Structure formats: structure tokens, C-alpha cells
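Below: one structure, written as C-alpha cells.
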Amino acid sequence: MRNVALMILVALMSSLMTVGIFKYFDKPEKIIIREPIPKTQPTNKAASNYERASRSTSILATTPTDFVTAATAATPAVVYIRTLHRNKDGFWKYKYTASSGSGVIISPDGYIVTNHHVIDQGSEIHLTLDDKREYEADLIGSDPTTDIALLKINATNLPFIDFGDSDSVRIGEWVLAIGNPFRLESTVTAGIVSATARNISILDNEASVESFIQTDAVVNQGNSGGALVNTNGALIGINAAIITQSGKYEGYSFAIPSNLAQKVIRDLREYGEVRRGLLGVSIKNMTSDLAKKLDLKEVKGVYVDYVNPSSAARKAGLRSGDVIISLDGAPTETSPRLQELIARNRPGDEVDVEYIRDGDVQSTVVILQQRVVRKLDPMMVELGFELKDLSESEVVKYGKSGAKVNSIYRDSKIMETNMDLDFIITSVNGKSVENVEETLQAIHDADSEIVELGGFYPQYEGDYLYAFSLKD
């Protein structure tokens, strides 16, 4: 027994000595918590009445310990939207189908922003607020080119979300997505900003503006039109889309920047439609090869491929080959970013454009013009193709003018000729043509039933000839 007691005592003393030595040599590390450095906020040119009247809040997103404050502030202002679609079913009968989404209250008197695709072609729009009250909404206006729609309900003293500055959003910043996925009311998910000024080519319109904020916050069916907020609860985006192969969330979601949404909302409130300024150029992203060819030190900016002869850009002195690096002081790293910045302005607005030409940085003031929506010529629709004019650089490259075939409709007369995309039409029935207008006019004026289109392909040698009949 004495030996056992002695062994226990020795073991206990050894343990105490080990702990004491460990604490002496292993001193605790110092933990430093730093406050975030404030970001410089760009000035927003125009502000609507409800923006000026909104509560004053900081738009700086901070590193959160939790998301309770932001979720508590924003959730009451996110609504559930149910859109009814009336479809004819027989001579006297109609049947209804329904779709759902989310919306964001942006003013206490009942203005609500959502996606265009959430309410598109709806005969009735019903809303359910976070407190379960139900309303029928009026459509103030909708813009398919940005996927923004503005609704109004007859109510006052509503909870609403203040707009934040989407220009201040930084990659890696925490954000919350709030909406009604799968009809689950007021669902909040968190993620970080993965990218900005992202184009995913989902808006089917030649005038579309895609400059999405990409996040990894979980967004699913029903989240469309909901709020993307920073950790202060400020609205920095309107959730719009996901990229998926399974039909469900796979890690990427996209939101329309709040600064672009605000401009669209102002136009819809004041005019019932969007009035967008036009620069009048064809652009493309800068590449390493292009930067090397232009002898640029950095791969940055947006390359001007073509300048419309009667455009605002031409009047301001911009030319093909220029590289636009900023607009009103904001860097234009990509084409989507430049398109977004232009889309925030109205016709008649002046913008400061900084660009590189022949290695020198220059600047000019451009007075934006009204965008003219050109309807597709009925002749193109009838024949089954779409044409576009060649850019100045293409004319120089090919040494010829003409009209490029940009699209061919299935089962059309043009498709039956076996013509391929990118065919450049230079003659109609032997008569030379230099652009789309001359090509269509020559087809209209054809004095024979058979029309022959002559031209070439940039990637192949030789001339080609395609013929079709004007009659069925």
C-alpha cells in the first residue's frame, strides 16, 4: 500500500511541474482587433426625391460578428410577389397561370422594385408583406434591358430599405441575400462578393446592360427581385439570376447594382420608361495581345472598335482604336463596367471620358445622345436573317465594305441557301452594296423573282453566291 501511495504522489507532483513549466514558456499571443479603414465614396450625380428623403445611414460594410442587425433592418422591407398570367383557352374561356418572386420596398409610400422577368406579361400582381398584409400592385414601369420593374401599392408608413452605393462594394465583402425561395417567406442567406461588373449574357436585348455583382450567397427560385444588402442593411443590389446546370443553386448568384437600379427607378417614376444616354461606339474588352499591339504598359481599359459617324462619341473626338480608361473619374476596367456607367446617365448629360490614344492619355467631354430603337426591317424577318454594318476596323482589315450576316433564322429562305454566319454581302444581283441599308434597299428594288447575294467569308478565300426566290 505504501508503494502505491508513493507512486500516486510522484505522478501528481510531476503533472503539476509539467503544467507550470508549460505556462511559463508558452505565453499567450496578443490579439489585435482593428477598425476598418473608411472607403472613399464616389458622388452619385442625380438623386431622386425619395433618395434625398431617406434616412441617413453609413454605407460602409464592416466585418461582422453576426448578421442580426442587417437582417433585422432589411427583412421587413422584402415582399413576396405572386404574378397571375391570363391565357386564352378556347373562344370564350381563359385560364390563369402563376409565377412568384420577391420585391423590395424602397419608400414608405409604397414603391417597390423587383425584376422585370418576375412580373413580365402579368395580368395581376399580388404582394404579401413581411407582416402578412396583402395588396394588389400597380405596374409603374418596366425595363427589360436591365431587368428592373417598379411597382406601387396603396399604403403608407411602410418599412423600407435605404440604398447603398454599389460602387463601394469590394470583392470579399460580406453580403446578405433576402427573398422568398421556394415560397419560404423572408429567407436570409449570407455570402461574400465574388466579382463585380460581371456579364453572363442572360438579357435577350441588344441594348441590355449586364454589370452584375456576383456573390456566393445562396439564391434559388423565388429569390429574384429580392434584396442584396451589406452588413449595415443598405441595399446594394437586386437579386436577378443564378448560373446552374442542375436547376438549383450551385454557388453563383448575380445581382443588379443599386446605382444602376436607382437610375432606372428614377426614369420609370418620372417618365414611365427608361431614358438612356448613348455614347455611340462598339467596344470590346482589352486583352494581353491587344495591349501588346497598342504598346500599352497595362492590360486595362475598353477598346473602341467602331465609332458611329453621327454619334456623340464622334462629335467629342473619339476614334476607333482609342482605349477608354475612365468615365467621370470611375475606372472602366471592362466593357460591362463602361456600359453600366453610361446607362446611369440620360440623353443630354455630359460625361468626362479619359482615354489612351497613341500611348498618350487624353480626355474629352461627351454630351450623350438619345438612344434610337431601330426596329428590325420586315424584309429581314421575312427572309430570315439579321444584318449589321461592318466596323471601321473591319473595313480596313478586309479592304471592302458590306453587310455582315449576324443571325440566320431556322427554316427560313436564307437558311435554305446554306449560307453561314459571318458571310459579308457585297452585292445584290450584281449591284455593289456597302452597308445594311443599301443591301435591303437593293433587295426591295429587285426587278426579278430570283435574288442573288454575292460576298465573301473573312475566314475563307474566294467569293460566294447565294440565291433565293422572293416568292413563296
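Just so it is clear, none of the values below were taken in a lab; they were calculated from the coordinates. Please read these numbers as outputs of a predicted model, since none were measured by experiment. Using ideal geometry, Cβ is built from the backbone for each residue, glycine included, and neighbour counts are taken over all protein chains shown.
Only counting other Cβ atoms within 10 Å, I'd like V68, V274 sorted with the fewest neighbours first.
Going from least to most buried by this count: V68, V274.
Quick one: what do you get for the stretch 290-332 if you divide its Cα Rg by 2.2 N^0.38 Å?
Against the compact-globule rule of thumb, the ratio is 1.23.
Spelling out what I want: for every residue of the stretch 233-238, take phi, set θ = phi - 60°, compute 6.51 cos²θ - 1.76 cosθ + 1.60 (Karplus), and round to whole Hz; glycine and proline get x.
These are the phi-based 3J(HN,Hα) values: x, 7, 6, 10, x, 10 Hz.
Eigenvalues of the Cα gyration tensor times 5, then square-rooted: what semi-axes does that give for the stretch 277-370, in whole angstrom, largest first?
Each semi-axis is the square root of five times an eigenvalue, giving 21, 13, 11 Å.
Between their Cα atoms, which of K284/K397; K388/K471; K293/K388 are more than 22 Å away from each other?
Going by Cα-Cα distance, K388/K471; K293/K388 fall outside the 22 Å limit.
If packing is taken as the mean number of other Cβ atoms within 10 Å per residue, what is the order of 322-328, 395-401, highest first?
Order by mean packing, descending: 322-328, 395-401.
Taking the Cβ of H116 as the center, what net charge do the other residues with Cβ under 9 Å away carry, scoring Lys and Arg +1 and Asp and Glu -1?
Once all neighbours under 9 Å are counted, the net charge is -3.
For the stretch 378-469, what value does the Rg/Rh ratio take when both radii are computed over Cα atoms and Rh is the Kirkwood radius, given to two decimals?
With Rh from the inverse mean 1/r over Cα pairs, Rg/Rh is 0.93.
Taking a quarter of the surface of the Cα convex hull of the stretch 249-315, what do you get in nm²?
Directional mean of the projected Cα hull area for the stretch 249-315 stands at 8.4 nm².
Could you tell me the convex hull volume per residue, in Å³, taken over the Cα atoms of the stretch 348-430?
152
Report the Cα centroid-to-centroid distance between the stretch 350-411 and the stretch 131-183 in angstrom, as an integer.
Centre-to-centre (Cα) distance: 35 Å.
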